[in-house]
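Student: Just passing along the structure, written as structure tokens.
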Amino acid sequence: MHSSTSAATPPCPLCLQERYAYYSGVPAAVVAFLAARAESFGFTRLVLLLIAIGFLLNMGLGVYHAGAEWKFWPGPETCAGGFDLQWSQEGIVDTPVIRCDEASWRFLGLSFAGWNAVVSLALAGIALWGATRRR
């Protein structure tokens, strides 16, 4: 008799890579906010431009990932992702294989990767708008 766990399925490697823009973009936005408050507008513009570039690259990664999910093109060679083998007396059990080319969730036709592309484009647009402001 094996016991199953109700742990959530871990994200695929592309999903993890798509988080990097947020991990760096949010603290950078705080830095830009503080620089703007200190009236260091040149530095603020530079930081906002870097944020925009990061989110534009992230949008591209989201489009690539979503396209792989829709089978428009192949995903990366490591598309099956990593997993931990769970052993029991019956052999391997409860071992999820995390695939980058299968969407685990969709809302309004878009997966997490698709929504990441949309949100990343919006955030890049906001950062670019802020970088081009005169004051």
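The values are calculated or read from the model by the stated rules, or taken from the named source; none is laboratory data. The structure presented is a predicted model; accordingly, all values stated were derived computationally and were not measured. Reconstructed Cβ throughout: ideal geometry from the backbone, glycine too, with neighbour counts over all protein chains shown. We work out accessible area using only protein heavy atoms, side chains counted, and drop any ligands, DNA or RNA first. Shrake-Rupley method; radii C 1.70, N 1.55, O 1.52, S 1.80 Å.
Student: Among the residues in region 77-98, are any open to solvent by less than 80 Å² (accessible area, probe 1.4 Å), modelled with pLDDT of 80 or more and out of contact with any helix residue (DSSP H, G or I) (no Cβ under 7 Å at 6 or more places or on another chain)?
Tutor: Within region 77-98, none of the residues are open to solvent by less than 80 Å² (accessible area, probe 1.4 Å), modelled with pLDDT of 80 or more and out of contact with any helix residue (DSSP H, G or I) (no Cβ under 7 Å at 6 or more places or on another chain).
Student: Right, here's the next one. Considering each of Leu14, Leu61 in turn, give the residue that is over 13 Å from Ala127 (Cβ atoms), within 12 Å of the chain's Cα centre (by Cα), aliphatic (A, V, I, L, M) and at pLDDT below 85.
Tutor: Just one listed residue meets the conditions, Leu14.
Student: Considering every residue within region 102-117, establish whether at least one is open to solvent by 70 Å² or more (accessible area, probe 1.4 Å), part of a helix (DSSP H, G or I) and either charged (D, E, K, R) or at pLDDT 85 or above (or both).
Tutor: Yes - at least one qualifying residue is present in region 102-117.
Student: Another question, if that's okay. Could you go through region 31-51 and let me know if any residue there is surrounded by fewer than 17 Cβ atoms within 10 Å (Cβ to Cβ) and under 27 Å from Gly109 (Cα atoms).
Tutor: no
Student: Any residue at all in region 30-44 that is at pLDDT 90 or above, of a type in the set (Lys, Arg) and farther than 19 Å from Cys12 by Cα?
Tutor: no
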